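Engineer: Next up is a structure, given as C-alpha cells.
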Amino acid sequence: MVSKKKFRVMNHELVPKHEVVPFNEAIKLLRELGVKPENLPWLRASDPVAREIGAKPGDVVRIERRSPTAGKVVVYRFVIAG
C-alpha cells in the first residue's frame, strides 16, 4: 500500500502567511479602519488556505505578504460561506 502525503498549502513558497484575527482584535481593527466586516475583500471558507487555518464564516483573516518594493504588506479578508 502506498501512503500519500497530504499537501499543505501553507508550506508552498508562494502562499503568504495567513492567520485568523482574534475576535476582540478584529472588532478593534474594524473600528480603526471605519469599515464593516462585509466591506473587506472576501475569502471563501472553502478556500484551501482558509480550511487549513480553520477560518470560519464571519472571521477576519490577516494576510502578510513580502514585496521587494513595498516590504511587508498586511491585508485583511472577511471569511464568507462557500
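The values are calculated or read from the model by the stated rules, or taken from the named source; none is laboratory data. Because the structure is predicted, anything quoted here is derived from the model rather than measured. Methodologically, a virtual Cβ is constructed for each residue, glycine included, from the backbone with ideal geometry; neighbour enumeration extends over all protein chains shown.
Engineer: What's the total number of residues in segment 14-49 that are assigned to a helix (DSSP H, G or I), closer than 16 Å to VAL74 by Cβ and acidic (Asp, Glu)?
Structural biologist: Total satisfying the criteria: 2.
Engineer: Looking only at residues that are assigned to a loop (DSSP other than H, G, I, E, B) and either of a type in the set (Val, Ile, Thr) or buried (at least 16 other Cβ atoms within 10 Å of the Cβ) (or both) in segment 53-82, which one is modelled with the lowest pLDDT?
Structural biologist: Here the residue is THR69.
Engineer: Whether any residue in segment 42-51 is of a type in the set (Ser, Thr, Tyr) and either farther than 22 Å from ALA81 by Cα or free of Cβ contacts under 8 Å to residues at least 24 places away in the same chain (or both) is what I want to check.
Structural biologist: Within segment 42-51, not a single residue is of a type in the set (Ser, Thr, Tyr) and either farther than 22 Å from ALA81 by Cα or free of Cβ contacts under 8 Å to residues at least 24 places away in the same chain (or both).
Engineer: Can you find a residue that is surrounded by 13 or more Cβ atoms within 10 Å (Cβ to Cβ), over 18 Å from ARG8 (Cα atoms) and either touching a residue at least 12 places away in the same chain (Cβ under 8 Å) or within 12 Å of the chain's Cα centre (by Cα) (or both) anywhere in segment 31-39?
Structural biologist: Yes; the residues of segment 31-39 include at least one that is surrounded by 13 or more Cβ atoms within 10 Å (Cβ to Cβ), over 18 Å from ARG8 (Cα atoms) and either touching a residue at least 12 places away in the same chain (Cβ under 8 Å) or within 12 Å of the chain's Cα centre (by Cα) (or both).
Engineer: Taking into account only those residues within segment 5-30 that are free of Cβ contacts under 8 Å to residues at least 40 places away in the same chain and under 13 Å from the mean Cα position of the chain (by Cα), which is surrounded by the fewest Cβ atoms within 10 Å (Cβ to Cβ)?
Structural biologist: PRO22
Engineer: Regarding segment 52-63, can at least one residue be identified that is more than 11 Å from the chain's Cα centre (by Cα), closer than 21 Å to LYS28 by Cβ and of a type in the set (Lys, Arg)?
Structural biologist: no
Engineer: Could you grab me the full set of residues in segment 40-65 that are under 19 Å from VAL9 (Cα atoms) and touching a Lys or Arg at 6+ places or on another chain (Cβ under 6 Å)?
Structural biologist: Within segment 40-65, LEU43, VAL61, GLU64 meet the criteria.
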